[in-house]
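Chemist: Just dropping this structure here.
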Amino acid sequence: MSIQLKLRGLANLKNFIDPIRASILGNWLKSPLIVGAFPHQGMVHKDGEKASAKAAAELGQMYCLSASSTYGMEEVCSVSEGGPKLLLIDARLPEAVRRDLVERACKIPDFKGIIIDAQYYSNRVTENEWKNDFIIPPHLKCGTLEKYRSSHGTTNELRDSYGLLKDNERISIDEVQKIKDQLRMARRSDMKVVVKGIMCKEDGLQAMSMGADAIYVSNGCHKKAVGVPCTIAVLKSIT
């Protein structure tokens, strides 16, 4: 017995553009998709985050910019003006650095929210990266974090963002409220706060009780650790 597959090509998609529009964090987008944060994009293209942010803006999509970006947030936003953006801040950064990053984002109208990455990173993952000889080309910089290298950094290594990332750094239970207070003081209450790293319903409820406007289901770099499920496997149990 033979089975023949009948391929169905998509046609007249222009008639279906409007129905897939979605409101994300109060911003209407052409589709319910967000370009996720990825650090050090200069490793794969000389224009790095500037190119991806510009493309997202032209397509009317929201763009997540990692604080560990090759180019500084101000430079990225200058070439992608008008495109809605979120800034991803690693919880392992010193609190003074986190506060200043939020302040800088508040001055840029394109930023519509802050994502605080509250995941716990295992030492095993970090060790695996070193064992695999993961190296960021020395000619690249960590643009957004460059200003903190001399005041808070301990190394010139980009892999750990100039030594700014502390494995023992943990955000406090009132971190979300601290960010919201900053936004309010800067008259940017329109910006939302998202907590990233949620992998179970209990953590999601805790994040919402902390005042988060949304949660970001993610296992981050834990995907390389043994026994950690993929995000799609836990999504249903959370929602």
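Chemist: Checking the condition within 19 Å of residue 218 (Cβ to Cβ), surrounded by fewer than 21 Cβ atoms within 10 Å (Cβ to Cβ) and at pLDDT 90 or above, which residue from 44, 35, 79 passes? Walk me through how you get there before you give the answer.
Modeler: Values: 44 fails: within 19 Å of residue 218 (Cβ to Cβ); 79 fails: within 19 Å of residue 218 (Cβ to Cβ).
It is 35.
Chemist: How many residues are under 15 Å from residue 25 (Cα atoms), free of Cβ contacts under 8 Å to residues at least 12 places away in the same chain and among the aliphatic types (A, V, I, L, M) if we restrict to segment 183-219?
Modeler: Summing the residues that are under 15 Å from residue 25 (Cα atoms), free of Cβ contacts under 8 Å to residues at least 12 places away in the same chain and among the aliphatic types (A, V, I, L, M) in segment 183-219 gives 1.
Chemist: Continuing with the same structure: Can you name the residue in segment 148-200 that is among the basic types (Lys, Arg) and modelled with pLDDT of 85 or more and is also surrounded by the most Cβ atoms within 10 Å (Cβ to Cβ) among such residues? Spell out the reasoning first.
Modeler: To start, the set of residues in segment 148-200 that are among the basic types (Lys, Arg) comprises 149, 159, 166, 170, 178, 180, 184, 187-188, 192, 196.
From what's left, modelled with pLDDT of 85 or more: 149, 178, 180, 184, 187-188, 192, 196.
Working: 149: 17, 178: 18, 180: 22, 184: 11, 187: 8, 188: 21, 192: 20, 196: 24.
Going through the qualifying residues, I end up with 196.
Chemist: Let me ask something else about it. Would it be correct to say that residue 61 is within 18 Å of residue 145 (Cα to Cα), of a type outside the set (Phe, Trp, Tyr) and at pLDDT 90 or above?
Modeler: Numbers: within 18 Å of residue 145 (Cα to Cα): no; of a type outside the set (Phe, Trp, Tyr): yes; at pLDDT 90 or above: yes.
The answer is no for residue 61.
Chemist: Scan (1) touching a Lys or Arg at 6+ places or on another chain (Cβ under 7 Å); (2) among the small types (Gly, Ala, Ser); (3) surrounded by fewer than 17 Cβ atoms within 10 Å (Cβ to Cβ) for the single condition residue 55 breaks and write down its number.
Modeler: (1)
Chemist: A further question follows. I'd like to check something: does segment 15-32 contain any residue that is modelled with pLDDT of 95 or more, of a type in the set (Gly, Ala, Ser) and more than 26 Å from residue 151 (Cβ to Cβ)?
Modeler: Just the residues of segment 15-32 that are modelled with pLDDT of 95 or more, to begin with: none.
The answer is no, given that none of the residues of segment 15-32 is modelled with pLDDT of 95 or more, of a type in the set (Gly, Ala, Ser) and more than 26 Å from residue 151 (Cβ to Cβ).
Chemist: Condition check: under 22 Å from residue 194 (Cβ atoms), among the hydroxyl-bearing types (Ser, Thr, Tyr) and modelled with pLDDT under 95. Does residue 122 satisfy that?
Modeler: Numbers: under 22 Å from residue 194 (Cβ atoms): no; among the hydroxyl-bearing types (Ser, Thr, Tyr): yes; modelled with pLDDT under 95: yes.
Criteria not met by residue 122.
Chemist: Mind checking which residues of segment 130-147 are in contact with a Ser or Thr (Cβ under 6 Å, 6 or more places away or on another chain) and at pLDDT 90 or above? Give the derivation first.
Modeler: Of segment 130-147, the ones in contact with a Ser or Thr (Cβ under 6 Å, 6 or more places away or on another chain) are 140, 142-145.
142, 143, 144, 145 - these are the residues of segment 130-147 that are in contact with a Ser or Thr (Cβ under 6 Å, 6 or more places away or on another chain) and at pLDDT 90 or above.
The values are calculated or read from the model by the stated rules, or taken from the named source; none is laboratory data. From a predicted model like this one, the values you see are computed outputs, not experimental measurements. Here Cβ is always computed from backbone atoms with ideal geometry, including for glycine, and neighbour counts include all displayed protein chains.
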